[in-house]
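The values are calculated or read from the model by the stated rules, or taken from the named source; none is laboratory data. Quick caveat: nothing in here was measured; it's all calculated off a predicted structure. With ideal geometry, Cβ positions are generated from the backbone for all residues, glycine too; neighbour counts draw on all protein chains shown.
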């Protein structure tokens, strides 16, 4: 009967996020102010009162989602995870929740990651697309075929739940792949409103920058295992966590497989901490017998 705490990624942001925490909890207020100081601008003001457009900028979005999730977790009373996981960016929140990273170090890494990804997006125009109702192996097959035939980059990026896989790559590669996915029987293959090809080889320039920052950061022995995106199993060794976190930027988010691994290891209750309810929905689609709830 294990209790898993899970943390959302980019896309869950909304205007007003975290404001109730700031207004009602002294610890939350202190942590937001600490983040403002580290960031060098009042990110809390953008979170609480910014427009959707303001919040969409990668250098704001990623730190904002991280802050909301981690501060919500830190102000929970009696939260004792048996295991943690985060979707993409959410993995950094998970690593604060299980004691691997300090709040300050993780926030700095998330800010570096966001800026590095933004720069990588500007280097080569690229995008992502959601493929619905097509088997994972078929999606993988189409991606491989498009890469082989065209030389364009197209890879599976997010295994969200059965029947929902996001692909990532060059603009031309994704366009061709979407047509082929539909021809192969996908219900839909639609472009996502993202700045670039996250979790693909096109993020390599960002990976190099982030790797240097991660290598220079102290990673502690975690209080409980983290089920990391890239390997989809529980990891408790600090050096291994570090390596997987570096590889995550150019590798796939294996969310379906991570949730399945947590369930196989005894998870029966999943609590999503942070903005939105996306992960609760995905867990239910992976295994509808799981108990899910959320804290924001």
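Based on this model, can you work out whether residue 40 counts as within 24 Å of residue 195 (Cα to Cα), in the same structural domain as residue 283 (by TED's automatic domain parsing) and either touching a residue at least 24 places away in the same chain (Cβ under 8 Å) or in contact with a strand residue (DSSP E or B) (Cβ under 8 Å, 6 or more places away or on another chain) (or both)?
Spelling it out, it is not the case that residue 40 is within 24 Å of residue 195 (Cα to Cα), in the same structural domain as residue 283 (by TED's automatic domain parsing) and either touching a residue at least 24 places away in the same chain (Cβ under 8 Å) or in contact with a strand residue (DSSP E or B) (Cβ under 8 Å, 6 or more places away or on another chain) (or both).
Among 253, 273, which is farther than 20 Å from residue 223 by Cβ and within 16 Å of the chain's Cα centre (by Cα)?
Testing whether each residue is farther than 20 Å from residue 223 by Cβ and within 16 Å of the chain's Cα centre (by Cα) leaves just 253.
Listed here are the residues, each with its yes/no results for (1) modelled with pLDDT under 95; (2) crowded, with 19+ Cβ neighbours inside 10 Å; (3) over 29 Å from residue 288 (Cβ atoms).
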site	(1), (2), (3)
166	no, yes, no
179	no, no, yes
203	no, yes, yes
209	yes, no, yes
220	no, no, yes
230	no, yes, no
245	no, yes, yes
251	no, yes, no
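Output the residues belonging to the stretch 281-296 that are more than 19 Å from residue 74 (Cβ to Cβ) and either surrounded by fewer than 19 Cβ atoms within 10 Å (Cβ to Cβ) or in contact with a helix residue (DSSP H, G or I) (Cβ under 6 Å, 6 or more places away or on another chain) (or both).
281, 283, 284, 285, 286, 287, 288, 289, 290, 291, 292
Those residues that are surrounded by 18 or more Cβ atoms within 10 Å (Cβ to Cβ), touching a strand residue (DSSP E or B) at 6+ places or on another chain (Cβ under 9 Å) and under 17 Å from residue 90 (Cα atoms), I need them from the stretch 263-277; list them, please.
Result: 270, 271, 272, 273, 274, 276.
For the structure I just gave you, tell me whether residue 131 is in contact with a helix residue (DSSP H, G or I) (Cβ under 8 Å, 6 or more places away or on another chain), assigned by TED's automatic domain parsing to the domain that holds residue 184 and farther than 16 Å from residue 241 by Cα.
yes
State whether the residues of the stretch 6-17 include one that is within 30 Å of residue 264 (Cβ to Cβ) and surrounded by fewer than 24 Cβ atoms within 10 Å (Cβ to Cβ).
Checking the stretch 6-17: at least one residue is within 30 Å of residue 264 (Cβ to Cβ) and surrounded by fewer than 24 Cβ atoms within 10 Å (Cβ to Cβ).
Of all strands (runs of 3 or more DSSP E) completely enclosed by the stretch 177-296, which ones contain at least 1 residues that are within 24 Å of residue 134 (Cβ to Cβ) and touching a residue at least 40 places away in the same chain (Cβ under 8 Å)?
Correct list: 188-191.
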